[in-house]
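**Student:** Before we start, here is the structure in question, set down as C-alpha cells.
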Amino acid sequence: MERMRLLRTISYAPLFMAGAILLTSCTTNNEVDPDAVITPIVNSDITTMEQDAVLDYDTPVQLPGIIVDRDGYSSQEVKYAWVVAAQMPAVFSVVDDESGEVVLEIEPEAVKYDSESGVYNAKIKFSEITREGTYHIEESSLGQSYSFSIENDYYVNRFDSFIADEYAKCEDATATAEEVYALIYIGERYSISIADSKKLWEAVATWINAADTSAMGKEDAGLSAAILAKASFNFSNTESAKALEDSAANASEWIQSAEALYSDISNRDGELAEDTKFLALAELYRVTGKQTYGNAISDMYNYINGLEDIHSSRKYLYGSMCYMNTHRTVNRNLCDVFMQSLLMSCETISWDKAMLAPQNADRTETDVLLDYAQQLIAMNYVLDGYQYNELVVSIDHYMSGRNYEGYLCNGEEEYPEDEIVIMSWLALLEKNGKLDPSAPVEWEYSW
C-alpha cells in the first residue's frame, strides 16, 4: 500500500472578508476620483512599545487538500494520494517538478462524503507513474500537494542508509539495548533484506562485548540477558554469523553470561517485570533447552492468559515469536493463547477504519501505529497475507505525511528500535516484488 501524505491549504476567505469590512467602515459618502493617487499617511513619531518587537502569536494550522507521502513511494507499489475537500474536483494533475510537465491526469475514485466532518474524501491513484523523479499533484481550486519522490528501490535504499547508521551506533556504544535486540531479530528472521549480514553481526558483537551489564538496572539487565541468549543462538546457528571469526567462542561465552546475568537479577531489586522475564526465559530456553526455563515459562500461563492486548508489549511479542518457533517442547496452551491473541488483534487492527482515515482530524498517535505495524509483521511471519502487508505500507505512508495534518514523523531517528523491524520488512516486500498484490512473484523467505 502506500504512505499517506497531506497537503494543507489555507483559506483566505476570512482575511478577505475582514479586509472588506474594514475598508467599508472607513469610507464616506464623498465621491472618489478613480484616477487619484492615494499616498498613505505615515506618522514617524510612533514607535513600538518595546525596544525589541515581541512577535507572540500562534502559526495558523493549514488544512488538508491533496494528501501525499512527503517522503516518497516505490515505483513498484500501488501509489495513491488522498483528497479531503468541501467540494470534490473532477480531475487532478500529476506534475514533474523538474520539467513542469503534466505527466498524468486522473479522476478521483472511491469518493465518499463524511457527514461528521462535512467534507468529501477520495483516492487519486497514480500507479502508472514508475519513472524515477520528484512530483507533486495539483488542482486549481485546491492548489498543489507537497512534493514527493518515486524511486525504483525506495524502501531498500532507505533501509540500507538507516541500518548503516545503526551499525555505527553499535560501534560507538550509543545504540540502546532495544535497538540491538531488534538488529538480532531481523538478522535471524529477515536476512534477505540486509545487504551485508556480516556487518550486522559484527556490529552486534561489538556492542555486546563492550556492554557493562554490572552497571545496569534490573530491567536493562533482563533485556541484556535476552540479547546475550539470542546472540548466542544465532552465532551457533545462523550461517552469516557462524562465518565470523571467533563466532563459536562468542556463542559459548555469551550463553554463560546470559545465564549468570539472569540468575543474578533476582538479587538486584526484586522481580523483573513479567514481560521482560518472559522474553529472557524464552530466549534462554530456546538456546539451552533447560527445563528449568521451560517450567518457569509454563508457570506464567495463568498470568499471561489473563492479559488484554498481550502483544502491545514488544517483549511479549518478540518473546512469543521466539517461544512458538523453538524446537524445544513447549506449552501448547500458552502457544494457543499467543496465537489467538495476535490473530484477533490483527483482525481488529485491519477493521479499524478510522485509524488511517484522511478526513479524521484526530491523528492516530505514532506509538499506536508502530505497535500495530509490529503486530501485523509478526502475524505475517506465521500467516502470509497481502491485507496485513498493505496495512503496514499504509501505516508507513501515514506516518510520513499522508494524514489529515500532513504530519511528518522521522521514525528512523525518533523510534529506531521499531523502525529497524518495520523498514526491514518493507525492504523485504520490495525485494520480493510483493508491494503490488497483482505481481505474480514467489516469496523468498530466509527461514
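The values are calculated or read from the model by the stated rules, or taken from the named source; none is laboratory data. As the structure is a computational prediction, the values presented were derived from the model and not from experiment. No Cβ is skipped: glycine too gets one built from the backbone with ideal geometry, and neighbour counts run over all protein chains shown. These accessible areas exclude ligands, DNA and RNA; they are computed on the full protein's heavy atoms, side chains included. Shrake-Rupley method; radii C 1.70, N 1.55, O 1.52, S 1.80 Å.
**Student:** Alpha carbon centre of segment 279-306 versus segment 218-270: separation in Å?
**Tutor:** A separation of 16 Å, based on Cα centres.
**Student:** Students often check this: by mean Cβ neighbours within 10 Å, which of 97-105, 397-405, 318-326 ranks highest, and how do the rest follow?
**Tutor:** On the way: 97-105: 11.2, 397-405: 26.3, 318-326: 21.2.
Per-residue mean Cβ counts within 10 Å order the peptides as 397-405, 318-326, 97-105.
**Student:** Rolling a 1.4 angstrom probe over the protein heavy atoms, how many square angstrom per residue are accessible across segment 275-356? Present the calculation step by step, with values, prior to reporting the outcome.
**Tutor:** Values: 3830 Å² over 82 residues.
The answer is 47 Å² per residue.
**Student:** Taking R0 as 35 Å, what FRET efficiency do you get between Asp97 and Met344 from their Cβ-Cβ distance, rounded to the nearest 0.05? Mind showing how you got there, number by number?
**Tutor:** Details: r = 45 Å, r/R0 = 1.27.
That gives a FRET efficiency of 0.20.
**Student:** Among residues other than Met300 whose Cβ falls under 15 Å from its Cβ, what is the net charge (Lys/Arg +1, Asp/Glu -1)? Please report the intermediate quantities before stating the final value.
**Tutor:** Working: positive: Lys277, Lys315, Arg332; negative: Glu271, Glu274, Asp275, Glu283, Asp299, Asp336.
Within the 15 Å Cβ shell, the charges total -3.
**Student:** Across segment 341-357, in residue order, what do the Karplus-derived ³J(HN,Hα) couplings come to in whole Hz, using 6.51 cos²θ - 1.76 cosθ + 1.60 with θ = phi - 60° and x for Gly and Pro?
**Tutor:** Computed from phi, the couplings for segment 341-357 are 5, 5, 5, 5, 5, 5, 5, 4, 4, 5, 9, 7, 6, 7, 4, 10, 5 Hz.
**Student:** Which of the aspartates and glutamates could a cross-linker span from Lys431 if the Cα-Cα distance has to be under 14 Å and same-chain partners fewer than 8 positions apart are dropped?
**Tutor:** Cα-Cα hits under 14 Å: Glu77, Glu151, Asp153, Asp160, Glu442, Glu444.
**Student:** While we're on this one: With the crude spin-label approximation of a point 7 Å out along Cα→Cβ, what separation in nm comes out for Ser149 versus Asp172?
**Tutor:** My value for the distance between the label points is 2.3 nm.
**Student:** Where does each of 361-369, 229-237, 338-346 land if you order them by average Cβ count within 10 Å, highest first?
**Tutor:** Ranked by mean Cβ neighbours within 10 Å, highest first: 229-237, 338-346, 361-369.
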